[in-house]
Every structure is written in C-alpha cells, then in structure tokens.
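Working notes, beginning with the structure itself.
The values are calculated or read from the model by the stated rules, or taken from the named source; none is laboratory data. Keep in mind it's a predicted model, so treat the numbers as computed, not measured. When we count neighbours, we look across all protein chains shown, and the Cβ atoms used for this are built from the backbone with ideal geometry, even at glycine.
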Amino acid sequence: MRRLCHGRRYGGAPCRQEWLHHANWFYNFTTFRTGPSKSRLAFLSRLCGGVSLYVINDAALAYMEERNLPQIVIGKFKEHKARIFSSAGDWESYLHALGLSAMKVAPDPVLIASEAALWGAIHHQGLLPDTVIVSDDAGQFRVARHALCWIHAERLVHKLVPANDKQRNAIEIAKRMIWWFYRALKDYKLAPSVKQAQLLRARFDRIFKRASTGYVTLDRLLRRLFRNKDGLLRVLERPEIPINTNSSENDIRAFVTKRKISGGTVSDKGRDARDIMLGLPKPA
C-alpha cells in the first residue's frame, strides 16, 4: 500500500488498496476489514454488512440512471422478474444471461449494474438509513448523501506552487478566507440556524466564485471546489456530521504503525486476526 485514502461512512471509511476502516460517531466503534480492492464495488460490498446479496429494486434502478447507464441496459433489468440474488455466482449468471458481458457500451454495464445491485441490497436490508458518507472526494465514496472533508479541500490550495509574489499573495488570501470559513462552519455546528446557513452559503459563493485572483491555476481550483458546493456544505443540512476526516486519520494510525513495523500478513487468518485486534481497543 503506497497511498492512503481516508473517508467516513458517518460513520464509516475506507482506505487504500487492501483495507477498509469503519468508524461510527454515535456508538463509538471502529472496525478494520481487509479486501483485494479499494474500488467502489468493494466499498459497497463492505457496506452490505458481510452479506452476499444483489437486489434489483427502485434504489438500484435509480443508481443505474444516476451513473448514466444506457436506457437499453436498464430496460433489460426492468423486463425481467428476477430481483434478488443470494450469491455472486447467481448474479454473474444472470448478467451473462442478459448478455451484458458482450455489450460494448460506456460506462461498463457489468460494473455499474453490479454496483447498483449492491446499493439495492443495502436498501433492501434497511441498512444506512439517512446516512451521510464523509470522504476526501475519492470517487469510490460518492454514494448516498455525500459530504467532503474541508482539510483535504484546503490542502489542494496549499499544494499550489506559485511562480511570483503576486501568485503567492493570491494563495495566501485564498487560504485565509477558507480557514475563516472553516471556523464559521465549526461555530455553526454548535448553534445551527436557517438564517446562518443562508449567510454561509452566500459567503461560500463569494470565496469560491470570484471572477479572478490573478493566478489562473488558483482560479481553476476554486471553480473546481465551487462545483463541490453541495458536499462541502452538507453540514448546513446535517450539523451533527464532521467537517473533516481527522478522526478517521487518527483511528487508522495504529494500522499504519503496525504495518511499518511488521509489514503484511502471511495468511488470511493472520490478516483477519490483525484487523480484529486493531479494532478492539478503539471503543475503549
């Protein structure tokens, strides 16, 4: 594992390559689970709670439409009566019978349909009702109601390399305005109100929708962050959620330390034992 991607499934979070970390704010627990991939498919599979289940329902069909799956593909699922599949083998056989593997369309119909069926299974089981997923904006976490980490957002500005004093000054001003806004969001969480939420939305627009800062690269980045307005301001609707993933970063530190000392594990049983033992002290 070379790079870590942290997120919270409010609570829950996945991380890079081969392990998945969940933390819950209300019940104060953390779990670590290891898998072969950090893909969205793997993330959704973990959110199913360890159950091998694929379901085609309204939630699954809506997911397909949201991911721009061609209507001709969605129509195939609507025409068939089969809706619930209790194993990956049954699901793959069903996809093969529909002829999805042979279809040359974008996006990949097998991948999107599988993600949709897992999302449908989550809804079918009544899991994650009214859940907010807080992440660093990695694509695999953009499911359900999504919120973004402000620390990671500011880090994009911090990483810019100015070529002159004018650009350096523009970056400093942008960072100062972002941190002022960040502190205002923390105050809002303590005493939320409709009026204050409206003021913060207007203030967000003034920061990230400026015509020009004099630094083209910074302008492009601010416009990119403005497009993430819904995720960055999710806290205005749900003041109980965190506005950063710092807790996930802290929870995962023990895992990283253990990996630096011991490296990986030899067997699957050793991997599972490591994950369980690292998670046990967290609720304490």
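Report yes if Ala197 is assigned to a helix (DSSP H, G or I), over 30 Å from Asp130 (Cβ atoms), in contact with a helix residue (DSSP H, G or I) (Cβ under 9 Å, 6 or more places away or on another chain) and at pLDDT 95 or above, otherwise no. Can you show your working first?
Numbers: assigned to a helix (DSSP H, G or I): yes; over 30 Å from Asp130 (Cβ atoms): no; in contact with a helix residue (DSSP H, G or I) (Cβ under 9 Å, 6 or more places away or on another chain): yes; at pLDDT 95 or above: yes.
No: the conditions fail for Ala197.
So which residues in the range 37-76 are among the small types (Gly, Ala, Ser) and either buried (at least 18 other Cβ atoms within 10 Å of the Cβ) or not in a loop (DSSP other than H, G, I, E, B) (or both)?
Kept after step one, since they are among the small types (Gly, Ala, Ser), are these residues of the range 37-76: 37, 39, 42, 45, 49-50, 52, 59-60, 62, 75.
Selection gives Ala42, Ser45, Ala59, Ala60, Ala62, Gly75.
For the subset of the range 128-187 comprising residues that are in a loop (DSSP other than H, G, I, E, B) and of a type in the set (Val, Ile, Thr), which member is farthest from Glu237 (Cα to Cα)? Quick ask: steps written out before the conclusion?
Taking the range 128-187 and keeping what is in a loop (DSSP other than H, G, I, E, B), we get 128-131, 136-138, 142-144, 149, 159-164.
Among the residues that remain, those that are also of a type in the set (Val, Ile, Thr) are: 131, 143, 161.
Values: Thr131: 12, Val143: 17, Val161: 35 Å.
Among those that are in a loop (DSSP other than H, G, I, E, B) and of a type in the set (Val, Ile, Thr), it is Val161.
Residues of the range 264-284 being in a helix (DSSP H, G or I), small (Gly, Ala, Ser) and at pLDDT 80 or above, which ones?
If we filter the range 264-284 for residues that are in a helix (DSSP H, G or I), which is where we start, we get 268-279.
Of the ones still in play, those that are also small (Gly, Ala, Ser) are 270, 273, 279.
Within the range 264-284, Gly270, Ala273 meet the criteria.
State all residues of the range 77-97 that are crowded, with 18+ Cβ neighbours inside 10 Å and out of contact with any Pro (no Cβ under 9 Å at 6 or more places or on another chain); if no residue qualifies, say none.
Of the residues in the range 77-97, the ones crowded, with 18+ Cβ neighbours inside 10 Å are 77, 85, 91, 94-95.
Within the range 77-97, Phe77, Phe85, Trp91, Tyr94 qualify.
Would you mind telling me which numbered condition in (1) crowded, with 16+ Cβ neighbours inside 10 Å; (2) closer than 16 Å to Glu237 by Cβ; (3) of a type in the set (D, E, K, R) Lys195 fails?
If we test Lys195 against (1) crowded, with 16+ Cβ neighbours inside 10 Å; (2) closer than 16 Å to Glu237 by Cβ; (3) of a type in the set (D, E, K, R), just (1) comes out false.
Among the listed residues Ile261, Ile207, Ile252, identify the single one that is part of a helix (DSSP H, G or I) and free of Cβ contacts under 8 Å to residues at least 24 places away in the same chain.
Values: Ile207 fails: free of Cβ contacts under 8 Å to residues at least 24 places away in the same chain; Ile252 fails: free of Cβ contacts under 8 Å to residues at least 24 places away in the same chain.
Going through Ile261, Ile207, Ile252 in turn, just one is part of a helix (DSSP H, G or I) and free of Cβ contacts under 8 Å to residues at least 24 places away in the same chain: Ile261.
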